[in-house]
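Report on one structure; see the data block that follows.
The values are calculated or read from the model by the stated rules, or taken from the named source; none is laboratory data. If you're wondering where the values come from, they're calculated on a predicted model, not measured in any experiment. Cβ placement follows ideal geometry from the backbone for every residue including glycine, while neighbour counts extend to all protein chains displayed. When the accessible area is computed, the model is the full protein with side chains, heavy atoms only, and any ligands, DNA or RNA have been set aside. Shrake-Rupley method; radii C 1.70, N 1.55, O 1.52, S 1.80 Å.
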Amino acid sequence: MNKIDFLWVIDSMVIPIEVKAGTNSHLRSLHSFIDESPIDIAVRIWSGKFSVDDVQTTVNHKRFKLVNLPFYLIGNMEQKV
């Protein structure tokens, strides 16, 4: 079962958001959501540094952009995605 923390709708596109407390976190639900949808972008809110990574899902190897957003930048999420 997929458990995405939040879904953000922007310009008729649904963006999955996972919130993780640590920097060493697995994103299984996020990968599963990306595999099953036409979306090619996702957001991880975490305690690490801001970055944008090109990654691929573990099952179907679908490529997508992962925006890693530190907690303190949540208010600027729209500008970062």
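Residues in region 57-75 that are open to solvent by less than 80 Å² (accessible area, probe 1.4 Å), in contact with a helix residue (DSSP H, G or I) (Cβ under 9 Å, 6 or more places away or on another chain) and either of a type in the set (V, I, T) or assigned to a strand (DSSP E or B) (or both): T57, F64, L66, V67, L69. Taken over region 6-26, the residue count meeting the criterion of being modelled with pLDDT of 90 or more and of a type outside the set (D, E) is 9.
Taking the condition open to solvent by 40 Å² or more (accessible area, probe 1.4 Å) and farther than 17 Å from D5 by Cβ, does D54 pass?
In short, yes.
Yes or no: K3 part of a loop (DSSP other than H, G, I, E, B) and either at pLDDT 95 or above or of a type in the set (K, R) (or both)? So K3 passes the test. Residues that are of a type in the set (D, E) and under 13 Å from the mean Cα position of the chain (by Cα) were ranked within region 1-45; the one that is surrounded by the fewest Cβ atoms within 10 Å (Cβ to Cβ) is D40.
Yes/no per residue for (1) in contact (Cβ under 8 Å) with a residue 24 or more places away in the chain; (2) out of contact with any Asp or Glu (no Cβ under 9 Å at 6 or more places or on another chain):
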residue: H26; (1), (2): no, yes
residue: H31; (1), (2): yes, yes
residue: E36; (1), (2): yes, yes
residue: I39; (1), (2): yes, yes
residue: V43; (1), (2): yes, no
residue: V55; (1), (2): no, yes
residue: V59; (1), (2): yes, no
residue: G75; (1), (2): no, yes
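For region 38-56, filtering for residues that are assigned to a loop (DSSP other than H, G, I, E, B) and among the polar types (S, T, N, Q) leaves 1.
Checked against (1) surrounded by fewer than 15 Cβ atoms within 10 Å (Cβ to Cβ); (2) without any contact (Cβ under 8 Å) to a residue 40 or more places away in the chain; (3) under 20 Å from G75 (Cα atoms), G48 passes all but a single condition, namely (1).
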